[in-house]
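Structure first, then comments.
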Amino acid sequence: MRRFLVAALLCAGTALTSAQDPGLEYRVKAAYLFNFTKFIEWPDAALASGRSFSICVAGRNPFGPALTATLVGETAAGLPLAARVVNAPDSSACHVLFVPRGVAAAPYLRGVGKSPVLTVGESPDFLAQGGAINFVLDGGRVRFEINQGAAERAQLKISSRLLQLGLGSEPRGGD
Amino acid sequence: MSSRVIAVAGVAMCLHLPALVADARAQSDPQDLKAMSIEQLMQIDVTLATREPEPVGRTAAAITVITGDDIRRAGVTTIADALALADGVHVARFNNGTWAVSARGFNTTSANKLLVMIDGRIEYSPLFSGTFWNMLDYALDDIDRIEVIRGPGATLWGANAVNGVVNIVTRHSRDTQGTLLSFGTGNEDPALADFRYGGAAADATYRVYGKFARRSPQIFDNGVSSGDGRRRGQVGFRVDRPGGGGEWLLKGDLFESRDDFADRATGEFSEVALQGGWSRAFTTASNLDVRGYYRREFRDVPLQLTHEIDTLDVDLQHGFAWRGRHRVIWGTGYRYNSDQTAGGNVRFEPPDRAYSIFSLFAQDEIVIRPDRFNLTLGLKMEQNAFSGMEWQPNIRARVDVAPRQMIWGAVSRAVRRPTRLDADVRALAPDGAVAAIGGGDDFEGENLVAGEFGYRAQPFAFAAVDATLFTHRYDDLRSQELPATGPPIVVANTLNGRTQGVELSGSLQPLPVWRVRASYTYFDVSITKDIDSRDIGGGASEANDPSHMFGLRTDVDLPGRVELNLFLRGISELPNPRVPAYTELNGRVGWRPTRHFEVSVAAQDLLHDHHPEFGGLTPRRVEFERSVRVLATFRY
């Protein structure tokens, strides 16, 4: 264990000058995004075309290194997961598109159109604008709400288990 | 492999994969987090120990979080009984309407060293700084979680957070949309009913709820009914609405109960509370909360005491980041109490009194080495009408010794401030003579200096252990002095106490559908007198604690949407007055054929026909009977 400590300490040493702490909120959201891929089915066409399963972040990256750290070595639908930042509203090559707070969602949602892209946001009106899943902070805990219609338009099948865990669905937890 | 090789490998990893390891915590945490289920992710948060959301695994305090799901699975009908699920908390029933609840000792039916709150509103009585547990109720289905901290949390939470803090957090009204109807009946609980409707209007969400419960009398040692039946009901609402860049909260609750007694007429107990607040998070590191509430407590115990207390409270709290390494929280609060009493054998002089408390606190959490070492310094100043200014400092440190292991330590001072019961009481003997009088202005606060040390590890996503060692030194504990001139007894501060203990808990999730949680607490107390003390109580009225407690809980989700929950708890003998050791078992089987319907059978105290939990062996010691009830719940 002491050996472990040495390594961790050295790592921490290099951390001081590098990227800011993305905060637990985004580490949790990164874990959610990874988890979502296990409860949602993408149409075969969306999976046949690519070499990787792309989780895109629109505009700016609030995750710091946490999203990459979460996805490294993992797969979804048999494809290796990869994270990247996209700036063009046409993000139809993404499998998941996360639109952070402060980034205007409308152009991205228009760009995605009916392509099989799971759009995830974190703004109060994200679902109303046509997004599929929206993160909500509930007393410091990260929860999410689902717009099933938007997911269906994108040809995505959301498992009933995930639907039940979304806000406003009963019963909560443990089911 | 030599340590040098590993160290070099570590450096290489850091250098070559900067995006992955730029932040050591970002490296380790996502690994922990992504192994979690969505349900587990949804639980990450605790607002208590640092008054800021922080994952429980990293909090530098001895803490247990009882989730709403834990409460549902426990099948209990009161908040006090739910607290038995927390590690290291001694919950003992004295009769149907009276509990003794404490952490780290000093348990009595009027235990006064626990700070109890619901959504930040105090729920202990200003009259004696203890909780009337028969008046603390809520729609249990609408409780999000109960955070229980053992040990002093006084810097942030104020006086009375001496031995622990119980923070009950109700669910956001957004999470309680739709209709809930629940009906139950059982041999000891003939009627249980809960109703809730949650809706939305414009951008606001709200809920209204109501509940009613009847409890049958228990029995005395000789098998005769103890005559302590109860009927209690509560109604209330909660509204949440975004506004001003933040969120508004408005909440109101009305409680009423009628509790029977074997030796006198029925007592009446009621509480009304109205609470409002506004909170805004500017960034993840900066927030502002403003909160206020009004609460009225009314109690009438025939032949003993009738009192009502109005409390008005306003609080402000502001948190911000400073120079990158500091997370500062400061706050201030003002509370005004006004009471009226009319006594039987317990009276107060003066009968009516108004008194206020002003407080100011600040805390700085300093990152000494990112992801390695955090230090928290805090100080609370409190001005109260009885003992004047009290200072409550606190220093905490947390060291992440390895990715999934941390140690923490804390030294804190806390004060249990004087109350009307200490200063102004007049207790009458059966013949009407005054038997005891309060200490007046001479009574000081009770002081605690506590040292704590903890270790917490989660070697695998499915297993966690938590260990805490503590030593508490109490000064100026309440005593009962018999003056040289003879009775009456005078309440004073001539006792001192020393407690120490070990609190262990572990949880294991061998399968996704099977969780096991075990806890053990060892506790030792010694109470001594000052040299000039003329105390005749020896602390017997202040503490009656078990040396050993254990709990073992298992929750299994069986096929066919069936849940099986068992909770075994053991409490060793209480010394003075003596209560025999006991082990008891609660069990519940629930079935949820659809998401709209749930039916369950819950049993409490399965191992004995009846057993006592608190109070001396007199013909009037209440024993609690085995109880079984059926509950049906509809949600849509």
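Values quoted throughout were computed directly from the atomic coordinates according to the rules given, and no laboratory measurement underlies them. Small disclaimer: the values here were computed from a predicted structure and weren't measured. Please note: Cβ atoms are built from the backbone with ideal geometry, for glycine as well, and neighbour counts cover all protein chains shown.
Placing +1 on each Lys and Arg Cβ and -1 on each Asp and Glu Cβ, with no other charges, gives the protein assembly as shown a dipole about its Cα centre of roughly 2620 debye.
Could you size up the charge dipole of segment B:169-212 around its Cα centre, putting +1 on the beta carbon of Lys and Arg and -1 on that of Asp and Glu, and report it in debye to the nearest 20? List each step's numbers first, then the result.
Working: 5 positive and 5 negative charges, 35 e Å.
Dipole of segment B:169-212, to the nearest 20 debye: 160 debye.
For the pair segment B:476-509 / segment B:69-133, the C-alpha centres are spaced 19 Å from each other. Evaluated over the Cα positions of chain B, the convex hull gives a direction-averaged projected area, one quarter of its surface, of 29.9 nm².
Take the Cα coordinates of segment B:263-418, assign each an equal point scatterer, and use the Debye formula without solvent to give log10 I(q)/I(0) at q = 0.09, 0.13, 0.20 Å⁻¹. Ignoring solvent entirely, the Cα scatterers give -0.48, -0.82, -1.26. Lys/Arg Cβ at +1, Asp/Glu Cβ at -1, dipole of chain B taken about the Cα centre: which of B:Val415, B:Val401, B:Ile118 is farthest positive-ward? Checked the options; the winner is B:Val401. Two numbers describe the Cα atoms of segment B:438-488: Rg and Dmax, which are 20.9, 66 Å. Within the straight-line cut-off of under 18 Å between alpha carbons, the aspartates and glutamates reachable from A:Lys157 are A:Glu41, A:Asp44, A:Glu145, sequence neighbours fewer than 8 places apart in one chain being disregarded.
Which value, in debye to the nearest 20, describes the size of the charge dipole of chain B about its Cα centre when Lys and Arg Cβ atoms bear +1, Asp and Glu Cβ atoms bear -1, and nothing else is charged?
Details: 70 positive and 80 negative charges, 338 e Å.
Dipole size: approximately 1620 debye.
Taking B:Lys380 as the anchor, which lysines have their alpha carbon closer than 18 Å to its alpha carbon, excluding any fewer than eight residues away along the same chain? Result set, ordered by chain and number: B:Lys113. Here segment B:341-439 has an Rg and Dmax of 21.9, 67 Å, counting Cα atoms alone. The alpha-carbon atoms of segment B:561-629, seen along their principal axes, cover 50, 21, 16 angstrom, with the largest extent given first. Shape class for segment B:238-297, computed from the alpha carbon gyration tensor (a ≥ b ≥ c): prolate, with a/c not under 1.5 and a/b above b/c.
Straight-line cross-link reach from B:Lys211 at under 22 Å between alpha-carbon atoms covers these lysines, not counting any fewer than eight positions away in the same chain: B:Lys251. For chain B, averaging the sequence separation of C-alpha pairs within contact (under 8 Å, six or more residues apart) and dividing by the residue count gives a relative contact order of 11 percent. Computed over neighbours whose Cβ is under 13 Å from that of B:Gly252, the net charge equals +3, Lys and Arg +1, Asp and Glu -1. For segment B:616-622, the Karplus equation 6.51 cos²θ - 1.76 cosθ + 1.60, evaluated at θ = phi - 60°, returns couplings of x, 6, 10, x, 10, 7, 7 Hz by residue, with Gly and Pro reported as x.
With the Cα gyration tensor of the protein assembly as shown giving a ≥ b ≥ c as the square roots of its eigenvalues, does the rule (a/c under 1.5 for rounded; else a/b larger than b/c for prolate; else oblate) give rounded, prolate or oblate?
Values: a/c = 1.91, a/b = 1.58, b/c = 1.21.
It comes out prolate by the Cα gyration axes.
Considering only B:Gly164, B:Val502, A:Val117, the residue lying farthest towards the positive end of the dipole of the protein assembly as shown is A:Val117, judged by Cα position with unit charges set on Cβ.
With contributions of -39500 (n - 2.57) from each DSSP H run of at least four residues, the per-residue ellipticity at 222 nm computed over chain B stands at -2000 deg cm²/dmol.
Based on the Kirkwood approach, the hydrodynamic radius assigned to segment B:386-478 is 16.6 Å, with every pair of different Cα atoms included. Take the alpha carbon gyration tensor of segment B:80-232, find the square roots of its eigenvalues, order them as a ≥ b ≥ c, and report rounded if a/c is under 1.5; if not, report prolate when a/b exceeds b/c, else oblate. Here segment B:80-232 falls in the oblate category.
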